[in-house]
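Worksheet: one structure, shown below.
No lab work stands behind these numbers, since they all come straight from the coordinates. As the structure is a computational prediction, the values presented were derived from the model and not from experiment. Reconstructed Cβ throughout: ideal geometry from the backbone, glycine too, with neighbour counts over all protein chains shown.
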Amino acid sequence: MDPYGQQQGYGQPQGGFQPYGGQQQGYPPQQGYPPQQGYPQQGGYPPQQGYPPQQGGYPPQQGYPPQQGGYPPQQGYPPQQGYPQGGAPTQFAQPQQGYGQPGFSGAPGGRYGQGVPSYYFSQQMSMPQGYNAEPDAEAAYKAMKGIGTNDQQLVTVIATRTREQLQEVKRVFQMKYGKSLSDWIRGDTSGYYQALLISLIESKADYDAWLVKNAVKGMGTNDDQLIEAICTRTNGDLWEMKQSYQRIYGVDAIKDVSQDTSGDYKNLLVAILQANRPENMPVNIAQAKVDAQRLYSAGEGRMGTDEAVFIEILTQRSLPQLHTIAECYGQIAGHSLDTGVSKEMSGNFRKALLVLITPKDEYFAMQIRDAIQGAGTKDEKLIRNISYISTNKDLTRAVNNYYMHQFKHNLANDVGGDTSGWYGKTAKALIESRVNF
């Protein structure tokens, strides 16, 4: 049963991921994905130099075997080209304190004076060394076996494990009990509690593919969901989503998005979906100043607007570089790039541009706040946001820090307080497990 009242966005003939009810029919044969410029057709992402190994992982949870070691070094993308080599050399300013308005809070590039956060880079999925999924699979089975459900035990497994660990739990569960963990959860839970659990046990790529399909299927488009699922993701997220989309729905994600959007908005989303944005280049303040001037001259500094310049710069610069461009823009225009975009653009094109130039910690903190403030809760929005940030503990921490700085409240407590039952307890535990270990 779909907790939202209707089944949306699932290609039933193709089978695959159905997070809100229905039987899982399995995936159709792998169709492959056509080769894209700059990336090999097979073998994942080409080697990337320059990122240190990601250490740690989640600590052992009470009642389960300890997890040894951490994540192995991540591989990713090769150095990207695209910025002119002339002009002043790359420089780094002093760390920026607090969360000021872009363009009015210190020297350009100050936000990244101590390095760009890891959640801006693509990271391949990897399994923590020493993790044994069998006890967790057994605990989940016992929690749902027979009459009634031991929700505490089920939540302990699902809310406190990484997405990679839960993929292994699913595999072991299927192998050991001959049953689908997803189907068992659908049979033992309901409503938004079920929707949150399913969003967590599916792979990030499959869930993102569903978000995109759900946004474009049928009459009309859920543009807020579509923009979020595309404009906040890394190259790696987008490549994996496109592969899952092809496998599950048997069609090219770019084709579906193109057919459901139009104009500059379509051109922007399609450009982002190419997933060839530079990610591992240091913030270049000299180039940021050049790009800020180009944006001003293409918008506020002329009659009419040259949207192509905005699409080029905002899809071909790293996200940290875009935030630095926004700071430089403020020094040119006397107000933020957000203000400039809002004055010059309109509709969904404007919405997407604003998402791109908003730092991730700020964006997700504000989206979660919007989902829980006021009368009622925007549950679909809340689920997709906390599900995504939970895939990266550094991002969850950053979102929590921004939220606390902005609203003087604890993120987990606010989310838990605005939801109820095991849905609320799961959401709170999910955030706390990433922030407080």
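Structure values in brief
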| quantity | calculated |
| --- | --- |
| Calculated P(r) of segment 243-388 - Cα pairs past 17 Å, % | 67 |
| Value of Rg to Rh for segment 205-273 (Rh from inverse mean 1/r over Cα pairs, i.e. Kirkwood) | 0.91 |
| Diffusion constant of segment 360-435 at 37 °C, which comes from Stokes-Einstein with the Kirkwood Cα-pair radius and 0.692 mPa s, µm²/s | 277 |
| For Met366, Met345, Met175, Met303, order by how many other beta-carbon atoms lie within 10 Å, fewest first | Met303, Met175, Met366, Met345 |
| Order of Val355, Val309, Val257 - criterion: other Cβ atoms within 10 Å of each residue's Cβ, fewest first | Val309, Val355, Val257 |
| Pairs from Lys217/Lys266; Lys170/Lys217; Lys170/Lys204; Lys213/Lys266; Lys204/Lys378; Lys242/Lys360 whose Cα-Cα separation, in the structure shown, is over 19 Å | Lys170/Lys217; Lys204/Lys378; Lys242/Lys360 |
| Counted charge near Gln225, where neighbours are those whose Cβ lies closer than 9 Å (Asp, Glu -1; Lys, Arg +1) | -2 |
| Rough spin-label spacing in nm, given labels placed 7 Å along Cα→Cβ, for Lys142 and Thr305 | 5.9 |
| Formal net charge of residues neighbouring Asp338 (Cβ-Cβ distance under 13 Å; K, R +1; D, E -1) | -1 |
| With eigenvalues of the C-alpha gyration tensor scaled by 5 and rooted, segment 315-388, Å | 26, 14, 11 |
| Percent of Cα-Cα distances greater than 22 Å, calculated over segment 285-356 | 7 |
| Length added when fully stretched, Glu134-Ile254, from 0.36 nm per residue minus Cα-Cα | 39.4 nm |
| Relative contact order (%) - criterion: Cα under 8 Å, at least six apart; region: segment 337-437 | 22 |
